[in-house]
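The values are calculated or read from the model by the stated rules, or taken from the named source; none is laboratory data. These figures come from a predicted structure and were not determined experimentally. All Cβ positions, even for glycine, are placed from backbone atoms using ideal geometry, and neighbour counts span all protein chains on display. Ligands, DNA and RNA are stripped out before the accessible areas are found, and what is left, the full protein with its side chains, is counted by its heavy atoms. Shrake-Rupley method; radii C 1.70, N 1.55, O 1.52, S 1.80 Å.
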Amino acid sequence: MTSDQNVQDTTSVDHFVQQKYRHGFVTDIESETVPPGLNEDIVRWISARKGEPEWLLEWRLQAYRRWLDMQAPDWAHLQIDPIDFQAISYFSAPKSDKDRPQSLDEVDPKLLETYDKLGVPLHERARLAGVAVDAVFDSVSVGTTFRKDLKKAGVIFCSFSEAVKDYPELVKKYLGTVVPPRDNFFAALNSAVFSDGSFVFIPSGVRCPMELSTYFRINAAETGQFERTLIIAEDSSHVSYLEGCTAPMRDENQLHAAVVELVALEDAEIKYSTVQNWYPGDENGVGGIYNFVTKRGDCRGDRSKISWTQVETGSAITWKYPSCVLRGERSVGEFYSVALTNNCQQADTGTKMIHIGRDTRSKIISKGISAGRGQNAYRGLVRISKSAANARNFTQCDSMLIGKGCGAHTFPYIEVGNPSAKVEHEATTSRIGEDQLFYCLQRGISEEDAVSMIVDGFCKQVFRELPMEFAVEAKALLEVSLEGAVG
Amino acid sequence: MTQIASHPLIEQWAEDFRSQPDLPGPEWLQQLRQSAAAEFISAGLPGRKTEAWKYTPLRILEQRAPAMSRKLTGDHSESDFPAPVISAEIPTIDGLNGCLPEQLPATPAGLELLTLEKGLVTCKEQFEKLIPAIETSGASRVFAALNTAFLQQGLVIRVGVNCDAGTLLLRWAFNEDGAKAIGNARIVILLEQGARLELVEQFDSVGDVAGTLNLVTQAELAEGSCLVHTRVMKESDEAVILTSTAVEQAAESSYQYSGFDLGGGLVRHEFSSRLAGPGASAGFDGAFVLDRKRHVDNHISVDHASAGCSSSQFFRGVLGGKSRGVFNGKALIRPGADGSSVRQSNANLLLSGLAEVDTKPELEIYADEVEASHGATVGQLDEEAVFYLRSRGLSDPMARRLLTAAFCHAVTDRLANRELAEQLSALVDSAMPKSMIGQETQE
Amino acid sequence: MLEIKNLHATVGGKPILKGLDLSIAAGEIHAIMGPNGAGKSTLGNVIAGRDGYEVTAGEVLYQGKNLLELEPEERACEGVFLAFQYPVEIPGVNNTYFLRAALNAQRKYRDQPELDSMQFLKLVREKLEILHISDDLLHRAVNEGFSGGEKKRNEIFQMAVLEPSLAILDETDSGLDIDALRLVAEGVNRLRSADRSMIVVTHYQRLLDYIIPDAVHVLSDGKIVASGDAQLALKLEDQGYSWLEDGGIEAVAG
């Protein structure tokens, strides 16, 4: 597990059982999957399969042609085996999708069982938890709860495919305006082949009456998941959106290349929380999800606010930088992140805060925990443009090392072009506090509990930002992910 | 990286290389020059896509298209050199247009000065390993590759076992002969066990010469040795100074750099220090005070390859006019380098709406018993302090100038050489940008 | 020396001073006491001209001049000195250098010749001696790393060098132990003179055991609610400030 150096030190904690990936089961249902490979015909097939209008097909094809000219980025602090994009299947849907269920009661019970195992608060439990859930299973959105309640408030919350059918004008107006298809390699790929995702529209002045939530799951083998999420918050509206992700255990790496676009207009606020627990691969680094995601929020309106909170415990490789473009005057961007890498996991994650409007503010709190042979890099950009008078940024970026074989890296980019800006960046890296550990042990707390207590304390600033039920889940996930890691 | 060198400047230098007469030196050096030339030709000029150069465009060089200069002979005239920054009688070596003198000053016992040519003979074995150790591949190392390809000029400084060699002054200047050309020089510093040397480099010309200097410095610090290295950049806005310094440090050795970039049109300092033996330490301090369109870039990389080493980076920047300052500090802690400590700090004051600062403190850590922290700030003067000074009778602009200078004194205060510290404080004060904020409205 | 009439001031839009009147003759020491939040520090900051303290009505006449029209440094040059409650630390600025710059700025303003460093050093050493302060103070940066007591003594030292006509000591006693308090008070007493007025702002009476004021004023809710001689301070010490609220004012004000 951990390195064999310092055996004396590590054995006391190495005995913790390495718990199996809890969500690693495969659901045995029939699904419709296109053969692996990518070409214009596949793009056309996906578009036709989803009955999309001509303009969207054209949009996909343009993205595809762009993608052909692009190269996979290599600047991140990651070791990635070359990905064979022709070996991936770009669409997989449960067969029963052909006669799509009209309500949850008609959903394949096996699917519901899957969500049960995942702990997705779908169905009745959703009602109790007050969460409206859109679940994306492989590539297709399988059902959205609470649609009626939300409709009453004027909120649109549906699968992306439905949005394309029912609200084509809205989709056309906003799609690709935050993350254009040419943005980067994976965004271009997503734009060409995206299969489904969630669509949220909060009209002017509406406070979304409940937390919205999507659970993503990759089930089929050798498939990639390319969902696309678009959230639009009109003037003075408010929404909190949660996203959870899991995938079964498989020996080969699977690609997840999602795009999330957020648009906040005047005085609007979007809070976007993620608990990412994709399959991380086994302790030798076999299998696991490649999580290459582009997430960006555009604070278009004055006084708008976008807040990203993420807890990243899964995936073999994570490459994501949820960002805020602070265009509107006095707009606010926030990024709270906990990223944990254990075993052979690698993460290169952080954010970009692009200050354009005057009096814009941003805050970055990043907590990286590296254990086992995990490599964890924070990469963040704070850019204060010439126009961003009185902009403020505060960044705190702490890393904790648990064990000898892991790595913690910090790569902040700070670019300031306005003299009235105030930017502060602080970062620390240290091993888990021995005196803290000892203090706990001396008071009779087991090492396992002590470690999770200390790690939990280390992450508190971020967990505080999560909605209650997610915070509990995040904490539990962290504990599970850390087991067997202490050294 | 299969870039094809299509840049006219690279082609020009390639032509300079092909047409240069046979240079002296052993066979291995001839081969090294050839391979370095191949490297700069294939790499091309670094541009925005070259991570290490993304904030430092080379437009001024492209416009100027300086030729690689042939070795200039003849002695230097004292009138080409401004007064030294330290008054004491110390051995002084003057480099004009990148060209070092044949005649080197007398030195105290234990300190030996040699031309590179002699060094290649005297330190044959050492040089065979040392000279090629400079990284020359890739676009980010084009200037090191150039330096190696055209390697001819140089100075070797050697300090014997347990000898304290005192202070040595190295003055760099341009005169009109140096315009339109790149002066290319290499300094090799060899400190034997327990040796100590303080090297002060002054970059300062009498006139405003559009000269370019491409300087590579290699230092080998044996166990317990200590190199204190100070650079004072007072060049004119016309000058382009590119330096690359590689320090190899054995156990318990110490390297302390302090740089004061108060002049120069385009200045880039690259440092790489390898802490190869336990207990070695490297410190990089710097102050840059910029005005007009000046550009200063400090790129530091410290490699903690052994246990119990410490390194620090402490930079302060003041930027006025349309200037641009870049700080990139990196510390790598390798597996097993336990007990390492790293501190990085970069604070900047932006005084003008047209100035820009880009800062990038990086940590790459593969060992767990470490203490590492970094901080970077960009901001303004503390208004509380401004009021305090005004309440004692200082005018607003005066209070601001005083506080801005004080901001940089944090760097001079760290100098162990107090005489030099005082000199440099005064230089820093007089380098304060003309375009101080608040001044326009108050005066 | 100082004439404050119906002074109203706000901080961040919030009214703090609400019609304050105060008159101080040359050579007098007046103590301003009062509960927390009464506006004691605001008064000092308004007189010194700190940003963010907005005068909405009233006037402050100092030696017949309208002080409110002047920039903070002009007020200092006119002889107004504020001993800060929290003296600011200024790393990198040498104490001696700073003080000489301040003194020469003030001398220049008054058309007096500037002092060169030798003359200045002589002056400074005299003052240090009078105040029994060690001269290592001169080599340090302004207030940097000073203890609370050292900072306050540095303020008094600066006052001794700058020789103001009006000094406002803002809670100079706060955070000092009894020995430090005595040292500071001694320093202040040495600087008493017939042409120098002082305002001593304090929360506690104990400073006034050492610096005997000519008058004591009680500031409450932005106004002077009671004035008297040194005895008033003792009464406040004894009974606290609460008695002021129930009609006790007239009993002593007179």
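What Kirkwood radius, in Å to one decimal, follows from the Cα pairs of the stretch A:327-382? Kindly include the intermediate steps, with their values, before the conclusion.
Working: mean 1/r = 0.0808 Å⁻¹.
One over the average 1/r among Cα pairs gives 12.4 Å for the stretch A:327-382.
Peptide C:132-144 shows a mean partner chain C-beta count of 1 within 10 Å per residue C-beta. Interface area, chains A and B: about 2700 Å² of buried accessible surface, summed, with a 1.4 Å probe and ligands, DNA and RNA left out.
Phi-derived couplings, Karplus 6.51 cos²θ - 1.76 cosθ + 1.60 at θ = phi - 60°, listed residue by residue for the stretch C:50-57: 5, 4, x, 9, 9, 8, 9, 7 Hz, with x used for Gly and Pro. Each residue, B:Glu11 and A:Leu61, gets one label point 7 Å from its Cα in the Cβ direction; the gap between the two is 4.0 nm. The string of couplings for the stretch A:408-423 from the Karplus curve (6.51, -1.76, 1.60, θ = phi - 60°) is 9, 10, 9, 10, x, 10, 10, 10, 10, x, 10, x, 8, 6, 10, 10 Hz, one whole number per residue in order, with x for Gly and Pro. Comparing B:Phe203, B:Phe288, B:Phe17 in a Gaussian network model of chain B where C-alpha atoms under 10 Å apart are linked, the largest mean-square fluctuation is found at B:Phe17. Bridging of C:Lys235 to lysines at a Cα separation below 20 Å is possible for C:Lys40, C:Lys223, once same-chain residues fewer than 8 apart are set aside. Within straight-line reach of B:Lys129, meaning a Cα separation under 20 Å, sit the following lysines at least 8 residues removed in sequence or on another chain: B:Lys118.
Between A:Ala72 and B:Ala88, the distance separating the two model label sites (each 7 Å from Cα on the Cα→Cβ line) works out to 5.9 nm.
Cross-link partners for A:Lys50 among the lysines, with Cα-Cα distance under 21 Å and sequence neighbours closer than 8 places in the same chain left out: A:Lys95, A:Lys98, A:Lys165, A:Lys172, A:Lys173. A 1.4 Å probe run over the protein chains yields, for the stretch A:356-460, 34 Å² of accessible area per residue, whole-number rounding. Of the beta bridges in the stretch A:366-416, as assigned by DSSP with both residues counted there, near 0 percent are antiparallel.
Across chain B, the mean sequence separation of Cα contacts (distance under 8 Å, 6 or more residues apart), normalised by length, yields a relative contact order of 10 percent.
Nearest-5 percent of antiparallel DSSP beta bridges in chain B?
Details: 7 of 142 bridges.
For chain B, the DSSP antiparallel bridge percentage is about 5.
The peptide list B:145-151, A:462-468, put in order of mean Cβ contacts within 10 Å with the highest first, becomes B:145-151, A:462-468. Computed from label points 7 Å out along Cα-Cβ, the spacing between A:Ile83 and B:Val161 is 6.0 nm. Quick one: net charge around C:Leu219, please, counting Lys, Arg +1 and Asp, Glu -1 for every other residue with C-beta under 13 Å from its C-beta. Cβ neighbours under 13 Å give a net charge of -1.
Highest-first packing order for the peptide set B:306-315, B:59-68, B:18-27 is B:306-315, B:59-68, B:18-27, based on the mean count of other beta carbon atoms within 10 Å.
Taking the helices alone, chain B has a mean residue ellipticity at 222 nm of -6500 deg cm²/dmol, built from -39,500 (n - 2.57) per DSSP H run of at least 4 residues and averaged over all its residues. In the full protein context, the stretch B:1-207 carries 46 Å² of accessible surface per residue, based on a 1.4 Å probe and ignoring ligands, DNA and RNA. Amide H contacts for B:Thr243 (H built 1.01 Å from N in the peptide plane; partners 5 or more residues away or on another chain; cut-off under 5 Å): B:Leu215, B:Arg268, B:His269, B:Glu270. Cα axis of helix B:396-412 to longest principal axis of chain B: angle in degrees, 0 to 90, nearest 10? That helix lies at roughly 40 degrees to the long axis. Scanning residues 5 or more positions from A:Val286 or on other chains, none has an amide H under 5 Å from its amide H, with H placed 1.01 Å from N in the peptide plane. For the pair B and C, the buried accessible area comes to roughly 1900 Å² in total, with a 1.4 Å probe and the value rounded to the nearest 100. Of the residues B:Thr243, B:Thr50, B:Thr92, the one that moves most in a GNM of chain B with alpha-carbon contacts below 10 Å is B:Thr50.
Close amide H partners of A:Lys352, meaning residues 5 or more places away or on another chain with modelled amide H under 5 Å apart, are A:Ser323, A:Cys324, A:Leu381.
What residue among C:Arg206, C:Arg190, C:Arg182 has the largest mean-square fluctuation in a Gaussian network model of chain C, using Cα springs under 10 Å? So, out of C:Arg206, C:Arg190, C:Arg182, the one fluctuating most is C:Arg190. Legend: mean number of C-beta atoms from other chains within 10 angstrom of residue C-beta atoms, peptide A:401-407, equals 5. Remark: mean inter-chain Cβ contacts per residue of B:394-400 equal 5, using a 10 Å Cβ-Cβ cutoff to other protein chain atoms.
Would you work out what percent of the accessible area of the protein assembly as shown, with all protein chains in place, is carbon or sulfur (probe 1.4 Å)?
On the way: 21840 of 44800 Å².
With neighbouring chains kept in place, the figure for the protein assembly as shown is 49 percent.
Hull volume per residue, based on the alpha-carbon atoms of the stretch B:25-145 and their convex hull, is 174 Å³. As a ratio to 2.2 N^0.38 Å, the alpha-carbon radius of gyration for the protein assembly as shown is 1.07. Per residue, the solvent-accessible area of the stretch C:2-251 (1.4 Å probe, heavy atoms of protein chains only, all protein chains present) comes to 43 Å².
Find, among the GluC sites (Glu not before Pro) in the stretch B:319-368, those assigned to loop by DSSP (not H, G, I, E, B) with at most 11 other beta-carbon atoms within 10 angstrom. Show your work: numbers first, answer last.
Working: sites: B:Glu356, B:Glu362, B:Glu364; in loops: none.
Here no GluC sites (Glu not before Pro) fit, given the DSSP loop and packing criteria.
A protection proxy built from the mean count of other Cβ atoms within 10 Å ranks the segments A:324-337, C:23-36, B:167-180, most packed first, as A:324-337, B:167-180, C:23-36.
Under Stokes-Einstein, with the Kirkwood radius over Cα pairs standing in for Rh, what whole-number D in µm²/s applies to the stretch B:1-207 at 4 °C and 1.567 mPa s?
Result for D is 70 µm²/s.
Between the alpha-carbon centers of the stretch A:443-476 and the stretch C:76-124, tell me the distance in whole angstrom. That distance is 54 Å.
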